[in-house]
Amino acid sequence: MDKANKYKGRLGMQYKTFSINSKDVNYDGESRTISGYASVFGNKDKVGDILIKGCFSKSIQDRGPESAANDKIIMLWMHDMEEPIGRFTVLNEDDKGLYFEAVIDDVPRGNQAIKQLESGTLNQFSIGYQYVHEKCMYDAEKDAYIVKEVYLYEISVVSIGCNGETEYLGLKSIEDAEKAYEKLNAEISEVCSGLSASKQQKIQRIISKVISLSSFKPENRKESSLEGQKADMHGNKVKSMFKNLKLK
């Protein structure tokens, strides 16, 4: 599998983490506001991506704080959709990166976020997003994926940055599975088309969990009738879970 297709094999929700320092983020405890950068442009990150200024612009236009959307880009605690901690009042791109200003709600997780960001216990923000692959390209000279557009779901305060690829552990080294992922990615996009951002995220998380639970590394597999029975059991679980998945 060539490198260009390797990047396109990244499915569903992904995460990128940006470590911060006192110069990057400002706090105002009285007004409960946080401002700073959730991502930066132009540098090649640890997964080989280079984010280009403008990659967030469509998401901001469609679901930013000034949009009329009901499913606005939201601020979360640790990428948990059940733990929203605030709303963005400003979200835009400048030459440095993705700049935000947010008002943090007076809720337990929101209070914890403010206190631990001020103390330095927490020092990272992470974005939850999906690649718009048709707007991205592989640069062989830089050996990097040039990311010109993403679908931005949320920005989180995190303790340790998540790696979205871990949801697919055990499948990423299998050539056939990689091809299946490409097909699955198209199918997911088709099914999710027209749904709200929160519902798209829930569906993608469910699918990725199903894949993780049913996956195994073939190099560690023992060819025995018992292993065959286990594989059949995993397959039946996957079929059952997809059968019960209803889109509303």
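The values are calculated or read from the model by the stated rules, or taken from the named source; none is laboratory data. Computed from a predicted structure; not experimentally measured. Here the Cβ is made from the backbone with ideal geometry for all residues, glycine too, and neighbour counts use every protein chain on show.
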(Q) Looking only at the stretch 8-40, how many residues end up being closer than 17 Å to residue 128 by Cα and modelled with pLDDT of 70 or more? (A) 13
Q. Can you name every residue in the stretch 82-98 that is touching an Asp or Glu at 6+ places or on another chain (Cβ under 9 Å) and crowded, with 16+ Cβ neighbours inside 10 Å?
A. 84, 85, 86, 88, 91
Q. Has the stretch 105-120 got at least one residue that is over 14 Å from residue 153 (Cβ atoms) and in contact with a helix residue (DSSP H, G or I) (Cβ under 8 Å, 6 or more places away or on another chain)?
A. no
Q. In the list 134, 118, 101, which residue meets the criterion of being touching a residue at least 60 places away in the same chain (Cβ under 8 Å), assigned to a helix (DSSP H, G or I) and in the same structural domain as residue 39 (by TED's automatic domain parsing)?
A. 118
Q: Considering only the stretch 41-57, state which residues are of a type in the set (Gly, Ala, Ser), within 16 Å of residue 130 (Cα to Cα) and at pLDDT below 95.
A: 48
Q. Does the stretch 84-103 contain any residue that is among the basic types (Lys, Arg) and under 27 Å from residue 133 (Cα atoms)?
A. yes
Q. For the stretch 62-86, how many residues are without any contact (Cβ under 8 Å) to a residue 60 or more places away in the chain and in contact with a strand residue (DSSP E or B) (Cβ under 6 Å, 6 or more places away or on another chain)?
A. 5
Q. Quick one: in the stretch 46-61, which of the residues that are without any contact (Cβ under 8 Å) to a residue 60 or more places away in the chain and part of a loop (DSSP other than H, G, I, E, B) is nearest to residue 93 (Cα to Cα)?
A. 53
